[in-house]
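Worksheet: the structure to be examined is printed underneath.
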Amino acid sequence: MKPRQIVSEMDSYVPGRSQDEIAAEFGLKKEDIIKLGSNENPWGPSPKALAAIREEVNINRYPESDLRELIHEYALYSGVDDDQVIVGGDGADEIIDVLAKTFIDEGDEFIVPLPSYMYYEYLLLQYGAVPVYARWDMEENKLDVDSVINSITEKTKMIFLCTPNNPTGTLISQEDIARIAEINEDILVVVDEAYFEFAEITNKDMIEKYPNIFIIRTMSKVMGLAGMRIGFGISSPEVIEYIFRIKPVFSLTRLSYIAALETLKDKEYIERSIRDGIASREYLYSELDKIDSLKVFPSKSNFILFNVEDTGMTATELTRKLMAEGIIVRDCTSFKGLDDYWVRISICTQDENEKFIEIMKKVLE
């Protein structure tokens, strides 16, 4: 049995390592491992969401197909109208997938500045789209907006702009987004705001002027529901209506639906997650920046990227040493646009922060 040609040619997506993997590989106890590789919320979900999950017993019934209440809550949270919101049940990944199903024909091109989140490419390749790579300026740590504009052709159908960018942690200015969006209204400019709460900046107001802007959001970060896989899209009513024609009807489970609803109502939890996440990020940046052999990028997200070339180790070598000590970080060697010397870490509790810094200094001795 032969798969489609594109499946034969594609590389598999490389996710962050799990605690179970590291425990088995290095003979460690799972509960002793600190996970800093996947940009999650280390403090856990909303207590109100957990309580609602425990009370939900009707898992023998199909989940909600009418998501109006959840859509309304997220519209209130985002400051948009209900008809500007769509919900996905496999995190932001499902939103990207339905965008591709809705707008991509075989041979269409999409632009990604490198380095950035590689799952865009992984999903769109499956539909016969052709990637075109623009540039993230790693010296200045900012988008090379001219490289994006110069990459646009008559075949361009989508442009992906991640802000804060994963893995660099830097914002893309609204001026640069506007320059790109106004070139051709038939090109969908996908603005990935998975981490926008940590930056305390959003581009959602741009949708009114630029209806070809589509904003991606997720509940996997600030809202602590990575295991529930819930994503959102925000755009013009016309774009949202097209996507609803394609989106699977039952993509949210009953448990993910009620967890999302209760989390959005728990304003105190969300505010605390943002506040604690920013504090953790700033602590980690200040401590890492004191280590002379590291080049550390300032971040507006819940993760930090740093270069380890001056340590005399590659990213792979350093991450293995850290894993042997029970610390999972992200070796960014698999990110297109980065060389062998970049590592990304995500926020954690203060106790975990201090333990990580202690072990980091130890492996660099």
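A compact table of results
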| quantity | calculated |
| --- | --- |
| Value of Rg to Rh for the chain (Rh from inverse mean 1/r over Cα pairs, i.e. Kirkwood) | 0.96 |
| Of every Cα-Cα pair in the range 206-269, the percent that sits beyond 20 Å | 39 |
| Residue pairs, from the table LYS247/LYS336; LYS35/LYS265; LYS142/LYS209; LYS101/LYS204; LYS321/LYS355, whose Cα atoms sit over 18 Å apart | LYS247/LYS336; LYS35/LYS265; LYS142/LYS209; LYS101/LYS204 |
| Most fluctuating residue given options PHE110, PHE26, PHE303, as computed from a GNM of the chain linking Cα atoms under 10 Å | PHE26 |
| Antiparallel %, DSSP beta bridges [both residues in the chain], to 5 | 45 |
| Distant-in-sequence amide H partners of PHE214 (H built 1.01 Å from N, under 5 Å) | VAL189, VAL190, VAL191 |
| Rg [Å, one decimal], Dmax [Å, integer] - the range 1-152, C-alpha atoms | 20.4, 54 |
| Nearest-0.05 FRET efficiency for MET1 and GLU271, computed from C-beta distance (R0 51 Å) | 0.45 |
| Where the chain is the region considered: accessible area per residue in Å², 1.4 Å probe | 45 |
| Within the accessible area of the range 219-365 (1.4 Å probe), percent carbon and sulfur | 49 |
| GNM flexibility winner over the chain from LEU28, LEU124, LEU318 (Cα, springs under 10 Å) | LEU28 |
| The range 69-119: GluC sites (Glu not before Pro) in DSSP loop, at most 16 other beta carbons within 10 Å | GLU106 |
| The chain: relative contact order in percent, alpha carbon pairs under 8 Å with at least 6 residues between | 24 |
| Which of THR153, THR263, THR170 is most accessible, then next, and so on - probe 1.4 Å | THR153, THR170, THR263 |
| Computed FRET value (nearest 0.05) for ASP32 with ILE201, which takes r as the C-beta separation and R₀ as 25 Å | 0.10 |
| Axial C-alpha extent at least 18 Å, average Kyte-Doolittle at least 0.5 - helices from the chain (DSSP) | 91-103 |
| Residue range of the chain that is longest and free of trypsin sites (Lys or Arg not before Pro) which are both DSSP loop and sparsely packed (at most 15 other C-beta within 10 Å) | 62-154 |
| Cα centroid of the range 304-365 to Cα centroid of the range 152-210, whole Å | 29 |
| Sites matching GluC sites (Glu not before Pro) across the range 232-336 that sit in DSSP coil, with at most 10 neighbouring C-beta atoms within 10 Å | none |
| Surface/4 of the Cα convex hull for the range 122-198, nm² | 5.5 |
| Within-9-Å neighbourhood charge of PRO211 [Cβ basis; K, R +1; D, E -1] | -2 |
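The values are calculated or read from the model by the stated rules, or taken from the named source; none is laboratory data. Just so you know, these numbers come straight off a predicted model, no measurement behind them. Here the Cβ is made from the backbone with ideal geometry for all residues, glycine too, and neighbour counts use every protein chain on show. Only protein heavy atoms, including side chains, enter the accessible area calculation; ligands, DNA and RNA are left aside. Shrake-Rupley method; radii C 1.70, N 1.55, O 1.52, S 1.80 Å.
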